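The values are calculated or read from the model by the stated rules, or taken from the named source; none is laboratory data. What you see is a predicted model; the values in this text were computed from it and never measured. Please note: Cβ atoms are built from the backbone with ideal geometry, for glycine as well, and neighbour counts cover all protein chains shown. Calculation scope for accessible area: heavy atoms of the full protein, side chains included, ligands and nucleic acids excluded. Shrake-Rupley method; radii C 1.70, N 1.55, O 1.52, S 1.80 Å.
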Amino acid sequence: MVVSPSPISERNIGDWLRLPPAGLQLLIETLAENHRVVGPQVADGAVVYRDLRGIAELPVGWLDEQDGGRYRLHQDPTAGFFDHVVGPHSLKNFLFPARETVASFVRTDGEWVQQTHAPEDRPLAVIGVRACDMAALRIQDKVFLGSGHVDPGYQARRQRLFTVAVNCRRAAATCFCHSMACGPAVEPGFDLALTERDGWFACQIGSPAGHALIQRLATADAGIVSCTVEEVDAAKQVSIDLEASMHARQPEAGAPRPRSLDTHGIRDLLYAQMEHPRWEEVATRCLSCTNCTLVCPTCFCSSVTEVADLSGDHVERERHWASCFTLDHARMHGGSVRSSTASRYRQWVTHKLAGWIDQFDSSGCTGCGRCITWCPVGIDLTEEVAALRHSDPP
Amino acid sequence: MAAHLRLGVFKFASCDGCQLQLLDAQGKLLEIARHLDIAHFPEARSAVGEGPYDIGLVEGSITTPADAERIQEIRRQCRYLVTIGACATSGGIQALRNWGQIDSFVSAVYATPAFISTLATSTPIADHVPVDFELRGCPIDVRQLVELITSFVLGRKPRVPSTSVCVECKARGTVCVAVAQGIPCLGPVTQAGCGAICPAHGRECFGCFGPSEPANLVSLTGQYERQGTPPEQLIRLTRSFNAQSPAFRAESDRLEGASHE
Ligand code: SF4
Ligand code: SF4
Ligand code: SF4
Ligand code: SF4
């Protein structure tokens, strides 16, 4: 009979616990009783979110190397469960899915009747959410919940979302959360947050739901004990050290350039550069392929179509991802108002980094670096903004 | 009632795969037959209904003098004429002859070349008659075909996107083969419609839906060249099922010219 060093009732939101890998396994299993649990896994050459049954499926021992238009995984015996960083998927893939039926209608005897929707799937639990993606969640919350036009589908999924966040121990060259005040330390808003240590996890409780889960686990003899003060300090130091190292990073020959973004006065800077020749220059490289917007965890554009069957009596109203890089996105009566690639790239960068501030009172960028990595030709918004900053307006 | 609308399906130089997609509509096929009279479809029925037709689906490219005349009559018989597939829309894989000498092909393949009456080129239907709508693909996608027919029956514009295959790749959560594996993929410059089948199976998009709008091939092939793809591979990639599409043709010719310098 193992006696817990401090009774359950003394554990509160904000407390830190020592979680052995077996404890994480139990946590996943317990969550799975009433959640769909997803977590990072290696598939098709990348770390992606997939349904997760246990810790054996986590990418232990894998590291990702990321650069403009390039992502490669390699094995490293020193790498832990979470030493990879963000892959192509984010919470957006689940909370704001690529395709969603938002309503359906049936016509009988000339009368249209709206169908009631099947209840949502099981609530979602996501393991391994990084600081940048928790920041993206806050941004998408503003978009879908905060504007006075609440998105009911997003709201239903969001309210029941359970997040097990992870404090990064390592950053990719494409990561620049330190520039955007979005990481690498996870901000409050998580249910539980893990910091990986040597063979165990420091687990901080962040919400009543996280607290309730830990209480259930603690009764199951999973080796979960409170962290000592020294252990808490050491865990917090992980993020402090990583952030300091990100600020200190310097380019090295033969290695991907470490990204950062000077956000000082960025809104006015970009608004003043609308006619800059750099936009035309990017357009010679940009493919208008949409990858940057679709991997971006905050991009929220969608388009709605009414999909009828041949009889015309059954109609589904379908919402799907849209992107400012497509001609249709800005098509209105008379044609597209953004017919050039230059105007579309400019729309993306100026909305993300400037217009967003006017619209939502924050940047639309968390510094996750996905748009850089997953652009097939490696177009890099940090480089584009630097080029605009270090040249005179035309 | 819409049931009087008459459909004709016509074949030129092609493999029949696109017509088979109509048969592959399976359950939907019966529904389609309730709304359209499938009057002319030699691939599927022996009864031949004479024109005129409300909608004609044309498969295949123009490769013989006889076909160049036949398409004129078909155009006259069809209220709407829709090309289906890469052959009809851009000339197909057989348009590779456009880069060669037709006489040498004919004498290499046929025992008695004198019996062969053929044109020097394989050209898309739109080079010969006005085309109302194009369904891309090699073969076409059955969902897009059903969408086309549905939109025709309901009297609205077909919803067929001109965006890149990457849109479909990201929507299904596929990991990009170009970024994660360094495989030269034509998806960023290829029109969506297939559902990104090839990347989902770990291989590159080879452009069978033809160029997207816009299609910045020079930037994409330049990136693949910098990553080590030999120009000959990029020429083969851009010169396949839609070799004769203006954007792909210009790029394969440019790459070839550059590699000869
Ligand atoms: S703009 Fe790029 S770096 Fe910023 S949040 Fe979006 S994908 Fe991440
Ligand atoms: S951007 Fe920051 S928080 Fe996000 S994965 Fe990279 S280091 Fe971690
Ligand atoms: S910036 Fe890159 S990912 Fe975005 S549309 Fe242009 S080429 Fe595609
Ligand atoms: S695999 Fe090909 S189609 Fe898919 S996102 Fe990458 S480049 Fe685009």
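Structure notes:
- Fluctuation leader among A:HIS117, A:HIS89, A:HIS178 - chain A, Gaussian network, Cα springs under 10 angstrom: A:HIS117
- At a probe radius of 1.4 angstrom, the accessible area of the protein assembly as shown per residue rounds to 43 square angstrom.
- Near A:ALA185, once Lys and Arg are set to +1 and Asp and Glu to -1 for all other residues with Cβ below 15 Å from its Cβ, the sum equals -1.
- Only helices reaching 15 angstrom along their own axis (Cα) with mean Kyte-Doolittle hydropathy no lower than -1.0 count here, and for the DSSP H runs of chain B these are B:142-154, B:246-259.
- Highest-MSF residue in chain A out of A:TRP374, A:TRP112, A:TRP200 [GNM, Cα springs under 10 Å]: A:TRP112
- Distance from the stretch A:80-108 to the stretch A:342-365 (C-alpha centre basis), Å: 22
- Taking Lys and Arg as +1 and Asp and Glu as -1, the other residues whose beta-carbon sits under 15 Å from that of A:PRO20 total -3.
- The gain in end-to-end length when the A:GLU33 to A:CYS301 segment is fully stretched comes to 93.1 nm, 0.36 nm per residue minus the alpha carbon separation.
- A Förster distance of 41 Å, applied to the separation of the beta-carbon atoms of A:ARG122 and A:ARG257, puts the FRET efficiency at 0.45.
- Going from the isolated chain to the complete set of protein chains, the stretch A:33-49 loses at least 30 Å² of heavy-atom accessible area (1.4 Å probe) at A:ASP44.
- Heavy-atom accessible surface that A and B bury in contact, both chains counted, 1.4 Å, Å² to 100: 2800
- Selected from A:ASN34, A:ASN291, A:ASN12 as most flexible by GNM, with chain A as the system and alpha-carbon contacts under 10 Å: A:ASN34
- Surrounding net charge for B:ARG249, when Lys and Arg each add one and Asp and Glu each subtract one, Cβ distance under 12 Å: -1
- Within the stretch A:8-248, percent of DSSP bridges classed antiparallel, to nearest 5: 75
- Spatial separation of Cα centroids for the stretch B:110-175 and the stretch A:40-74, in angstrom: 37
- Surface share of carbon and sulfur [accessible, 1.4 angstrom probe, percent] for the stretch B:5-154: 56
- DSSP bridge analysis restricted to the protein assembly as shown gives an antiparallel fraction near 65%, rounded to the nearest 5.
- Segment A:VAL113..A:GLU383, full-extension length gain: 92.0 nm, with 0.36 nm per residue of separation and the alpha-carbon distance subtracted.
- Shielded residues, the stretch B:201-234 - accessible-area loss of 10 Å² or more between chain alone and all protein chains, probe 1.4 Å: B:GLU213, B:PRO214, B:ASN216, B:SER219, B:LEU220, B:GLN223, B:GLN227
- Straight-line cross-link partners of B:LYS157 among the lysines, defined as a Cα under 23 Å from its Cα and at least 8 positions apart when in the same chain: B:LYS28.
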